[in-house]
Every structure is written in C-alpha cells, then in structure tokens.
Amino acid sequence: MELREGTIIKGIGGAYTVMTGTPPLFFVCNARGVFRNKKITPLVGDRVKILPAEKQTGTIYEILPRKNELRRPPAANIEQVIVTVSVSQPAFNAGFTDRLLIMIEREEIPIIICVNKIDLETDRETFDIYRQAGYEIVYTDAKGDTGLDSLREKMAGKINLFAGASGVGKSSLINALLPNSTLETGEVSAKIGRGKHTTRHTEMFPLDDAGGFCFDTPGFTSLEFDMQKNELAPLFREFRPFLGLCKFKNCLHVKEIGCAVKEQVGSKIHPARYESYVKLL
C-alpha cells in the first residue's frame, strides 16, 4: 500500500490516531522503531506519513518538519495558544502563568489569555497587567456562556491549543465551544485548592463550522525550563522596546546602572511583572 499523509490527533501509550484525507479516515498507528532509537517522540499535531494496514491500523513512517513544538503540554504545529487561567477555584497564580507564557514566547507562538470563571469574581485589575504587557485577553464563563462567541471568533480557522493549570476549565470551555464534545471535567480540591487531572492525554478536535482545530491538554501545577540568563528578558513582551538601549551590552536589568528596562518600571513595565522577571532570573 502507498503512504498516506495525515495529522496525529491523539496519542495514548504509544498508539497514535492519525486523521487523513477528505472526508477524513482515521488510523490507529504505532511509530517505527527508528524514532525510538533516535529519541524522537511523535506529538499530537505532527504532520506524518503513514503506511496503512488492515482494519484502519498502520505505522507512522515519517514525521514531517515541525513549525514549532511544546513539551509541556506536548503538542506540535500550533498556530495559537489559549493560555487559560481562572479568577478563583483554583486561585490565579501569576508566577506559574509567567512561566507558561515564557515557554510559549520561546517558540514564537501567538498567545491569547483566557480568564475563565468570571462568574466567581468581578475584579479584573490583576489581569490588566497582562493587557499592559501586550496580551489580548478574553473573559469567559464556560458554564454561563459568557465570552464564548468572542473566543470562538478568535479561534476560527486556526490550530489552537488550550494550556493552563489543572482545574481552570479548559475541558469545560471546549465542551461549551464544541456542541458534540463530551470531555470529562473535574472539580477543584477544596483541601489543596488545585484542580484534579481529568484530561490525561493531548487530543485535537475540529472546530466544526468555524474551521481549524483545538487541542485539549492535560493540566499541570509546576513548570521548569532550562535557558541562559540573557535569554529571559526578550521573552517578556513589554521589555522588548527597551532592550539594547542599556548602558551595558550584557545588562541583566537588575543591579546595573543605566538600565533602560529598569527606568520603565512603574510606567511602561508593571512592577509585578518586573518582580516576576527578577524571581525567574
């Protein structure tokens, strides 16, 4: 049989569901051993070539070049990330959110911040910090249908990925956006104030009439990344206009004199975001 080109839409325990053609056909595939030998893991979102076999099974024969990739959550070829946070239950965690934004900025993927569960809180000042930093923000209530039309419009025609901590309502949003979706949703633990992991794998879903796709991804509560200190500042959007204007070329924007970034703290750069940068540094 000849090779077919398609997209991985789900991966569980080494079995990858690949969607090919129009109208779509679905094949459950294993990856060739050569990928394991080269320590290459297929990701949901990968464009691949498969060798079909009997009963809608097959083998992933080739992984086509990726536009981008994230390792946490694991996905490839993303056109827009919906960084999902909640105003409470679980409480908003600025440090975690900044880490997540940095990881996505590193891959140069467009970002929208979705503030969910606004029925639980009316104070939006916390999130205006991110609007000042240059991020587009959408306020939603997945259960009350608030803001969903605006979010749906911004997602149309793109490959979107929902990313955020456990319990912020990513699966609830997808269920509300996609009428035929029945993703499992979970409650937030009253004891620890964190969401329970209900999504256990990354999966892509078509956006029906709007075109495009969205990923649902497992939530998580911690993030670590590895980079050089001088790589961090450019990943803060509001720092970028002032980088290269400091007195010293290798300025880290903390204790140096003549720092153009520090001069903007309190005006163009919010003090809370600057403090987050110093902590991460």
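Length gained on full extension, Asp226 to Arg124, computed as 0.36 nm times the residue gap minus the Cα-Cα distance: 33.5 nm. To the nearest 10, the accessible area of Cys246 is 20 Å² with a 1.4 Å probe.
Considering only Gln80, Ala91, Tyr61, and ranking their Cα positions along the charge dipole of the stretch 1-155 that arises from unit charges at the beta-carbon of Lys, Arg, Asp and Glu, the one farthest toward the positive end is Tyr61. Taking GluC sites (Glu not before Pro) in DSSP loop conformation with at most 11 other Cβ atoms inside 10 Å as exposed sites, the chain has its longest uninterrupted site-free stretch at 109-183. Computed from backbone phi with θ = phi - 60° and the Karplus coefficients 6.51, -1.76 and 1.60, the 3J(HN,Hα) list for the stretch 232-239 is 6, 4, x, 8, 9, 3, 6, 7 Hz; x is used for glycine and proline. For the stretch 232-275, chymotrypsin sites (Phe, Trp or Tyr not before Pro) are listed when DSSP marks them as loop and at most 15 other Cβ atoms sit within 10 Å of their Cβ; the list is Phe248. Under the combined filter of DSSP loop state and at most 11 neighbouring Cβ atoms within 10 Å, the stretch 223-272 retains these trypsin sites (Lys or Arg not before Pro): Lys247, Lys249, Lys255. Rounded to the nearest Hz, the phi-derived 3J(HN,Hα) couplings of the stretch 69-75 under the Karplus curve 6.51 cos²θ - 1.76 cosθ + 1.60 (θ = phi - 60°) are 7, 10, 9, 9, x, x, 6, where x marks glycine and proline.
In order along the stretch 149-155, the Karplus-derived 3J(HN,Hα) couplings, from 6.51 cos²θ - 1.76 cosθ + 1.60 at θ = phi - 60°, round to 5, 5, 5, 4, 4, 6, 8 Hz, and Gly and Pro are given as x. Simple spin-label estimate for Leu243 and Gln132 gives 2.1 nm between the two label positions (7 Å along the Cα-to-Cβ direction from each Cα). Which aspartates and glutamates, if any, have their Cα less than 15 Å from the Cα of Lys67, not counting same-chain residues under 8 positions apart? Output for Lys67: Asp46, Glu79, Glu105, Glu107, Glu108. Expressed as a whole percent, the accessible area of the chain that falls on carbon and sulfur atoms is 49 (1.4 Å probe).
Under the criterion of Cα pairs below 8 Å and six or more residues apart, the relative contact order for the stretch 58-128 equals 35 percent. Once the 1.4 Å probe is applied to the protein heavy atoms, the chain comes out at 52 Å² accessible per residue.
Under 5 Å between amide hydrogens, built in the peptide plane, is the criterion, and for Val81 it picks out Ile111, Ile112, Leu161 among residues at least 5 positions away or on other chains.
Full extension of the segment from Thr22 to Glu153, taken as 0.36 nm per residue of separation minus the current Cα-Cα distance, would add 44.7 nm. For the set Val34, Val28, Val81, solvent exposure ranked by accessible area (probe 1.4 Å, protein chains only) runs largest to smallest as Val28, Val34, Val81. Rolling a 1.4 Å probe over the protein chains gives Ser150 an accessible area of about 50 Å².
The values are calculated or read from the model by the stated rules, or taken from the named source; none is laboratory data. Quantities reported herein were computed from a predicted structural model and do not represent experimental measurements. Note that each Cβ is placed from the backbone with ideal geometry, even for glycine, and that neighbours are counted across all protein chains shown. Ligands, DNA and RNA are stripped out before the accessible areas are found, and what is left, the full protein with its side chains, is counted by its heavy atoms. Shrake-Rupley method; radii C 1.70, N 1.55, O 1.52, S 1.80 Å.
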